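Remarks on the structure that follows.
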Amino acid sequence: MKRIIGIAVVAVMVVVVAAAVILSAIGVGQGNRYRPGGAEATKLQKTAVRSEGQRRFFGDASMEMRDGLYVLRLKGTPYEIGYQHGALLKEEIKKGAAPFYADVIYGGREMPFSLKIWLLRKFLDWKVYVPLFKNQPKNILEELKGIADGSGVPFDIIFKANHHTGPSMVLTPSFAKDNLKAFEKIGIKVGACSSFAAVGKAADGGKTVVGRNTDYGGVVQWPKYQTLLFLSPADGYEHVKIGTAGVILWNPGMNTEGIVVCPHYMVYDDIDPRGWSICAFSDEILRKAGTLQEAESIFHDKPRAVSGGYVIISGKEKDAFAAELSTGKASIRRTEKGRVVMTNMAVSEEKRKIDITVQYNIMEHCPGRYRRLMNLIDQHAGRVDPKLAASFMGDHIQHTTGLERAAGHVVGVADNENSMVFSPETLEFWVAVGPAPVCNNPYRGFNLRAELKGGKVPVVPAVLEGYRFRDPKVRAGLDEYMKAYALKENDPDNKEAIKEHLRTAWKKDPGEPMYGRLLALYDLHDGKSGEALATMEKVLGLKQSFREMGHSRLIAAMACDMKGDRPKALEYYKAIKAMEKGAEIVDPRPYTKGTIKEVYELWPHLGKLLPAVGYSPHQMKELEEIINAVPCDVVLMGTPTDLRRYLEVDKPVLRVRYEFEEVETGS
């Protein structure tokens, strides 16, 4: 019997060791096959970086610091360009966003070994990273290998950093139908980016202008090492990419033919990792596309391991299109009324059928940013220029309420890590420089052709100031909130320091409900239900969107349940349930007075609709007082002009749009 047990133990050990060996072998490896042999690699390895003040040189390549930006000029084969990039920014790559993005679990932080986490990493390698690696075009893998060799950072880290959205793209649809809606309720979002193009009659003088925000995590590392790559590839058009040290994923860019690329992340229920990634498509278009048709053909012809989209703009053609990409198909949207906008949701009907955010009606920020940008362009039709574009990208007006908000579903989101404006007809562009949200800093101007030649040509204006906060309290609260955000990403266990920053942010901007919700969630996590409930009772008295009100009531109900007050919790749950059934129109007539009351007496058929009968100061004040007196949760406004700019209303206001057509009625 002892012999049998011994044999069994040995057999189990052999199986375990064999399994460990097999699992250890799963991964992208070190990419050595993508390092060129012979003289090319030897020459690069023997070349040393030399420094002259704020400038560094590596052979013919160079880097200079300008206005807080790392400006690189690189040229050659994909491997040479990557190696130059890595060598010139060796320390920045090690300290920057690459290690953070490569580790989707801990963000690059050192943690004790965990078998569960090790197995999870192997699962991600098997399910996501290895299929992606096997299907990327050779030039992308050579460039990434060059970055790794030049910087001394392992290839698998560089590869994963440049495919860091792969796990969420590939895995989210498989469990989203059961879990994603719950994630939104507790404040977890999938991602955010915003782009627009104004062409023809929408743009000032018909001169094409593009605005772009890249929004993701890494709010400290990305902006700190923000990089402009001026590239002269051995094969293809010269171009610029705007990113961060060691990362070429999500880099917007423009080539010398005036083609601009703006990539986006989305959540489609149609994604297979066996195809080209975002960085492969961006690189191919910038190097190979001189027209919109050539760019569109690339989307159709190449295998797509993408759940996302692009806005593609041509300065020469003065036109643009949006491409919504999934593995199955590339769906194309053309400009309408001289503009095209993209955030992180599908707009085309065929893609809306597979868009998780649309199917489950989640994420207020996606449609909110989309509609806000559309409205801004329409409000300034025929006048959109680079100055206005910069202000659009840093905008902090919440579409659903008209309120200026620090980070509540606005275009200028808190995790904005790079922002820029392009003028593709002149090959000029402006890049925002500073801490996140980067879009709320000045934009510095560059001329693509001059920079590629190593010179500088004055760009007019040299600086775009961007968005100006209406209320200094909102900006002050946001600045403090960003300290909490940075700590949450890099030292999440330091909860007391995070909460202190949130408390300070709320003191500086007491009208921002988001700060209170986050504080309450921290208290709930720590078992402090009484403190959480007290906080949420304050939050529920603040102006917020309809969806946010549901979120706030949910947190309050959770606090009541944890406190043991089930009857009060049920009141909140019932209030949320009532919101799902639809809103009831509150009759404003008992609260009317003056000229509006007289209008009701003359035209009683108006019923529960509140008319705006004039725009004199007296009439506007009268309307404002009536709206504030009506006990409702939200106001729907359908006036020709946006009255939110003139009224001080104490509740959320959503402006709705409509169209009408006169038709002849039968006699």
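Couple of notes before you dig in:
- Condition met for E480 (in a helix (DSSP H, G or I), of a type outside the set (S, T, Y) and at pLDDT below 95): no
- Residue among E80, E92 that alone is in contact (Cβ under 8 Å) with a residue 40 or more places away in the chain, closer than 26 Å to Y265 by Cα, among the acidic types (D, E) and crowded, with 18+ Cβ neighbours inside 10 Å: E92
- Residue that is least open to solvent (accessible area, probe 1.4 Å), among those in segment 368-384 that are under 25 Å from P442 (Cβ atoms) and over 23 Å from the mean Cα position of the chain (by Cα): H380
- So K528, is it open to solvent by 50 Å² or more (accessible area, probe 1.4 Å) and in contact with an Asp or Glu (Cβ under 7 Å, 6 or more places away or on another chain): no
- Only one of the numbered conditions (1) open to solvent by 20 Å² or more (accessible area, probe 1.4 Å); (2) over 24 Å from H409 (Cα atoms); (3) not β-branched (V, I, T) is not met by K353, and that is (2).
- Just one of the listed residues (L69, L74) is out of contact with any Lys or Arg (no Cβ under 9 Å at 6 or more places or on another chain) and not β-branched (V, I, T), and it is L74.
- Identity of the residue in segment 296-308, under 23 Å from L144 (Cβ atoms) and out of contact with any Gly (no Cβ under 9 Å at 6 or more places or on another chain), that ends up most open to solvent (accessible area, probe 1.4 Å): D301
Residue by residue, here is whether (1) touching a residue at least 12 places away in the same chain (Cβ under 8 Å); (2) open to solvent by less than 20 Å² (accessible area, probe 1.4 Å); (3) closer than 19 Å to R109 by Cα holds:
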residue	(1), (2), (3)
K483	yes, no, yes
K495	yes, no, yes
K499	yes, yes, no
A505	yes, yes, no
Y515	yes, yes, no
Y522	yes, no, no
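- In segment 40-77, the residues that are out of contact with any strand residue (DSSP E or B) (no Cβ under 6 Å at 6 or more places or on another chain) and open to solvent by 70 Å² or more (accessible area, probe 1.4 Å): K43, Q45, K46, A48, S51, E52, G53, D60
- The residues of segment 432-471 that are of a type in the set (V, I, T), touching a helix residue (DSSP H, G or I) at 6+ places or on another chain (Cβ under 9 Å) and closer than 26 Å to Q221 by Cβ, listed by number, are V433, V438.
- Taken as a whole, the structure places P131 among residues that are open to solvent by less than 40 Å² (accessible area, probe 1.4 Å), closer than 17 Å to A280 by Cβ and outside any loop (DSSP other than H, G, I, E, B).
- For segment 309-322, the set of residues classified as open to solvent by less than 10 Å² (accessible area, probe 1.4 Å) and either part of a strand (DSSP E or B) or not small (G, A, S) (or both) consists of G309, Y310, V311, I312, I313, S314, A320, F321, A322, listed by residue number.
- Residues that are part of a loop (DSSP other than H, G, I, E, B) and open to solvent by less than 40 Å² (accessible area, probe 1.4 Å), drawn from segment 462-477: G466, Y467
- Criterion (touching a Pro at 6+ places or on another chain (Cβ under 8 Å), of a type in the set (D, E) and either open to solvent by 10 Å² or more (accessible area, probe 1.4 Å) or modelled with pLDDT of 95 or more (or both)) met by exactly one of D204, D269, D235: D269
- R470 satisfies every condition listed in (1) without any contact (Cβ under 8 Å) to a residue 40 or more places away in the chain; (2) basic (K, R); (3) touching an Asp or Glu at 6+ places or on another chain (Cβ under 8 Å) except (1).
- Of the criteria (1) under 21 Å from P437 (Cα atoms); (2) among the β-branched types (V, I, T); (3) in contact with a helix residue (DSSP H, G or I) (Cβ under 6 Å, 6 or more places away or on another chain), which one V474 fails: (3)
- Members of segment 550-583 that are outside any helix (DSSP H, G or I), open to solvent by less than 70 Å² (accessible area, probe 1.4 Å) and either aliphatic (A, V, I, L, M) or modelled with pLDDT under 90 (or both): G582
- Single residue of segment 417-435 satisfying the filter (open to solvent by 10 Å² or more (accessible area, probe 1.4 Å) and in contact with a strand residue (DSSP E or B) (Cβ under 6 Å, 6 or more places away or on another chain)) that is farthest from L228 (Cα to Cα): E428
- Out of V599, V634, V586, V653, sole residue that is open to solvent by less than 40 Å² (accessible area, probe 1.4 Å), touching a residue at least 12 places away in the same chain (Cβ under 8 Å) and closer than 22 Å to F546 by Cβ: V653
The values are calculated or read from the model by the stated rules, or taken from the named source; none is laboratory data. Everything numeric here is computed off the predicted structure, so don't read it as measured data. So basically every Cβ, Gly included, is an ideal-geometry build from the backbone, and we count neighbours across all protein chains shown. Heads up: the accessible areas ignore ligands, DNA and RNA and are worked out on the full protein's heavy atoms, side chains in. Shrake-Rupley method; radii C 1.70, N 1.55, O 1.52, S 1.80 Å.
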